[in-house]
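Presented below is the structure to which this report refers.
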Amino acid sequence: MDSRLSAHAQHFLKQAEWCARLGSPFNAALLRALAGHIGTGGILDHLLLAGETPLSPEAADAGPLRIAGALHAMALSERDAALAALYPAARPDWSMEAVVPAALSALARHRDWVASFILNTPQTNETRRSIALLPGFAALEGPLHLMEIGASAGLNQHWDAFGYDGGGWSREGIDGAPVITTDWHGPLPVLPDTFMVASRTGCDRSPLDVRDPDERVRLISYIWPDQADRLARVRAAIEIAKARGVSIDRADAADWLEQQLAAPLREGTSVIFHSIAWQYFDAETDRRARSAIETAGARADDRHRLAWLRFEHQKALGEAGQDHLVDLITWPGGHRRILAKADPHAMRVEML
């Protein structure tokens with residue numbers, strides 16, 4: 001087998017393990033089955049290797065999450081009715097023996113569309129991550145000026161509208177808001193009665209517009225098909241974003257931060273935040289983004305504060321370790337606090 005295809009097959013199997021661990025037996029079984037078809041000269045080999053810019057086998061998300069997302073998008077939009085009839089939304093008692101042949105057939109029938117779809121990085125805009133970030137927002141003095149990088153469709157910019165339930169604590173959201181739940185461990189969060197959010201902005205290299213039906217399907221497609229609670233939450237969050245209006249700038253994170261932070265800091269607290277986004281930045285973007293933030297932090301004072309709230313894997317933060325951490329750095333002073341650790345979907349949050 002071509003070494004690139006072998007690497008892709010291993011990524012499919014590794015992602016299948018993560019899907020199983022994070023509560024998606026459907027996606028786990030699908031990716032395991034598809035891995036067995038890589039290297040056979042079929043449609044998967046063509047999609048993974050064809051085109052002017054073949055998917056990199058070094059990128060863990062390059063094949064499995066994109067192919068799975070394309071298949072789910074075809075089912076959601078009924079682009080392929082035969083596939084849609086076999087997916088969990090239509091058939092909760094799904095059979096992978098039926099799904100896999102239909103999936104391979106759909107990939108072949110819609111080859112050009114799939115090839116275009118998988119060029120884009122997966123964007124789950126996982127709303128549950130807001131519950132891990134919430135203690136960080138609560139620790140900051142308002143008014144807050146939100147600046148999200150890797151914002152995707154900007155759903156998590158409306159974290160203050162969501163309801164939350166950590167088991168031993170809860171917070172009511174606005175009417176129609178998703179309720180974010182998690183398995184909470186450690187001290188309960190200390191939350192204010194109200195959050196003072198003065199402005200919201202963000203950037204993404206490929207932002208999704210929730211007002212566009214096709215882009216809504218793309219956004220929902222990256223949610224795993226058998227996770228009805230996640231699908232319900234993202235749909236509710238989309239309705240909030242549509243009602244409130246959200247505009248995400250199409251920009252590289254480093255370019256955007258350099259531009260945004262060149263101006264004087266606004267009165268209150270400017271909050272740069274992101275969740276499972278930094279790992280996609282190359283070394284130069286990492287360096288420039290850090291420099292822009294730290295330079296702006298050096299100008300902060302007691303009336304014009306800056307905060308950097310992160311939910312990322314330790315490796316993405318440049319640290320040894322295997323945990324996803326929530327940490328907060330505040331200026332003036334540049335003080336860092338590690339607030340919590342959680343799994344990538346924030347199904348379990350441990351306050352530290």
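All of the numbers you see were taken from the coordinates with simple rules; none came from a lab. Keep in mind the model is a prediction, meaning the values are calculated, not measured. Every residue, glycine among them, receives a Cβ derived from its backbone with ideal geometry; neighbour counts consider all protein chains shown.
Per the Cauchy relation, a quarter of the hull surface: what is the mean projected area of the convex hull of the alpha carbons in the chain, in nm²?
Values: hull surface 69.9 nm².
Approximately 17.5 nm², given one-decimal rounding.
Which of these, HIS304, HIS324, HIS72, has the largest mean-square fluctuation under a Gaussian network model of the chain (Cα springs below 10 Å)? Highest fluctuation of the listed residues: HIS304. Listed by chain and number, the lysines whose C-alpha is less than 17 Å from the C-alpha of LYS315, apart from same-chain residues fewer than 8 away, are LYS341.
Around the amide H of ILE180, modelled in the peptide plane, lie the amide H atoms of GLY163, TYR164, ASP165, all under 5 Å away and 5 or more residues distant in sequence or on another chain. Helix 25-35 and the long axis of the chain differ in direction by around 60°, with both axes built from C-alpha atoms. Compute the acute angle (0 to 90°) between the alpha-carbon long axis of helix 283-298 and the principal axis of greatest extent of the alpha-carbon atoms of the chain; round to the nearest 10°. Relative to the chain, helix 283-298 is tipped by roughly 20 degrees. Sorted ascending by nearby beta carbons within 10 Å, beginning with the fewest, TRP331, TRP18 become TRP18, TRP331. Helix 96-109 axis versus longest C-alpha principal axis of the chain: approximately 90°, rounded to the nearest ten. Springs join every pair of Cα atoms under 10 Å in this Gaussian network model of the chain, and among ARG244, ARG205, ARG66 the largest mean-square fluctuation is at ARG244. Loop-located GluC sites (Glu not before Pro) in segment 75-157 (DSSP state other than H, G, I, E, B) with a sparse environment of at most 14 neighbouring Cβ atoms within 10 Å: GLU78, GLU141.
Relative to the present Cα-Cα distance, how much length would full extension add between ALA81 and LEU22 at 0.36 nm per residue of separation?
Answer, rounded to one decimal: 18.5 nm.
Residues GLU350, GLU312, arranged from fewest to most other Cβ atoms within 10 angstrom of their Cβ, appear as GLU350, GLU312.
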